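Reading through the structure tokens given below for one structure.
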């Protein structure tokens, strides 16, 4: 079945450093790759996403890259700040019209940014 | 505020009991998803509905069932509850087209004693 592996499970960085989280997926038909941030006790919130027809996408300090051949994608956070501390989840899905969209999440990465 | 409403926010019950969690999707969203998140764990996909019909199923236990009603709200029924069912249950909704973005509710925290 579909599977998404995420590494590392925990990541500790100093404020101002960069953080990179990597994910691999198993279903080559996957075409949508979002990243969610979940603060303690809160709901997951979408921070950035990328579709299979794009190799890279950037939004201010965060960027996502996708390598379809290798079936992996990564989240890059630059100039990290303490408020970036949270659990980050990658996900992969096949999304098409007609309502089918089985979004499978990775296990999550707990990011701690130390002042 | 994502626009997805879940009730109740907290629920404490005993083993063997049955509970119902309710979700109202964002206005205009046709798809509803249910996820289970145990303590310090990831998001386990349970089930998805689109416009009243089941579309995808994850590792949902036979003791659990769900449905989506004509007004598009959804309910997740958990029966014969066990201690291990204690978790945060999230509902999410999406338009249901190729865009794919999910919007999560605040979750229902279930504690089974």
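Rule-based calculations on the coordinates, nothing more; no lab input. These numbers were taken from a predicted model, which means no experiment stands behind them. As a convention, Cβ positions derive from the backbone with ideal geometry for all residues, glycine included, and neighbour counts pool all protein chains shown.
For peptide B:87-95, what's the mean number of Cβ atoms from other chains within 10 Å of each residue's Cβ?
For peptide B:87-95, the averaged partner shielding equals 2.
Report the FRET efficiency, 1/(1 + (r/R0)^6), for residue A:59 and residue B:113, where r is their Cβ-Cβ distance and R0 is 30 Å, rounded to 0.05.
0.10
Please compute the alpha carbon radius of gyration of the range A:20-73, then divide it by the globular-protein estimate 2.2 N^0.38 Å. Two decimals is fine.
My calculation over the Cα atoms of the range A:20-73 gives 1.18.
Assuming 0.692 mPa s and 37 °C, estimate D for the protein assembly as shown with Stokes-Einstein, Rh taken as the Kirkwood radius over Cα pairs, in µm²/s.
The Stokes-Einstein estimate is 183 µm²/s.
Calculate the mean, over all residues of peptide B:42-49, of how many other protein chain Cβ atoms lie within 10 angstrom of the residue's Cβ. Could you put the intermediate results ahead of the total?
Values: counts 12, 12, 2, 7, 0, 1, 5, 1.
The per-residue average across the peptide is 5.
How far is it, in nm, from the label point at residue B:41 to the one at residue B:79 when both lie 7 Å from their Cα along the line to the Cβ?
For the pair residue B:41/residue B:79, the computed spacing is 2.2 nm.
Give me the three principal axis extents of chain A from the C-alpha atoms, as integers in angstrom, largest value leading.
45, 29, 21
May I ask you to derive the FRET efficiency for residue A:79 and residue B:57 from their Cβ-Cβ distance with R0 = 45 Å, giving the value to the nearest 0.05?
Numbers: r = 42 Å, r/R0 = 0.92.
Efficiency computed from Cβ-Cβ geometry: 0.60.
Return an integer: the convex hull volume of the alpha-carbon atoms of chain B, in Å³ per residue.
That works out to 95 Å³ per residue.
Which order do the peptides A:48-59, B:46-57 take when ranked by the mean count of other beta-carbon atoms within 10 Å per residue, highest first? Write down the numbers at each step before the final one.
Numbers: A:48-59: 14.4, B:46-57: 18.4.
Top of the packing list down: B:46-57, A:48-59.
Given points 7 Å out from each Cα along the Cα-Cβ axis, report the residue A:26 to residue A:3 separation in nanometres with one decimal.
0.4
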